[in-house]
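What follows is a short report on a single structure.
No value in this document is a laboratory result; all are computed from the given coordinates. Since the structure is predicted, the reported quantities are computational estimates derived from the model, not experimental observations. Methodologically, a virtual Cβ is constructed for each residue, glycine included, from the backbone with ideal geometry; neighbour enumeration extends over all protein chains shown.
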Amino acid sequence: MAAHTFYNAYVKIIGPQRFTHGEIVALGNLFQVTLEDNSALIKEIRSYYPQVGLPLSLSALGVTKEDQLNSLAEYMAQPDNVRMQLIFPGISPADIRQTLLKLI
């Protein structure tokens, strides 16, 4: 669910630009397992994505500015964001931003 929350935030804040739904959600999957601190899945994804041309970083999707990170984190942490709040109740923009920084 956090992967699609990332997608929704990305499209709202950054815009669809030249990337596909699958590419954005793929990075959202990496975001979610990073947020969960699931080292086995992080390692698997980081090994697999380059083989099929999927992005491993925010910069690969054109996210390079501090204000973009902050806006993504704020959007994703909204209390009425049911997808995110069901899995990570009470998650803060700071928590999300910290995870996003790991994907630069």
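Would you list the P(r) distribution for the chain, with all Cα-Cα distances sorted into 10 Å bins from 0 and each bin expressed as a whole %?
16, 54, 29, 2
Which length gain, in nm to one decimal place, applies between Leu86 and Asn38 when the Cα-Cα distance is subtracted from 0.36 nm times their residue separation?
Working: separation 48, 0.36 × 48 = 17.28 nm, distance 1.84 nm.
Computed gain between Leu86 and Asn38 is 15.4 nm.
For the stretch 1-43 and the stretch 47-61, what is the centre-to-centre distance using only Cα atoms, to the nearest Å?
That distance is 11 Å.
Within the stretch 13-29, list the residues whose amide N lies under 12 Å from a label point set 7 Å along Cα→Cβ of Gln78.
13
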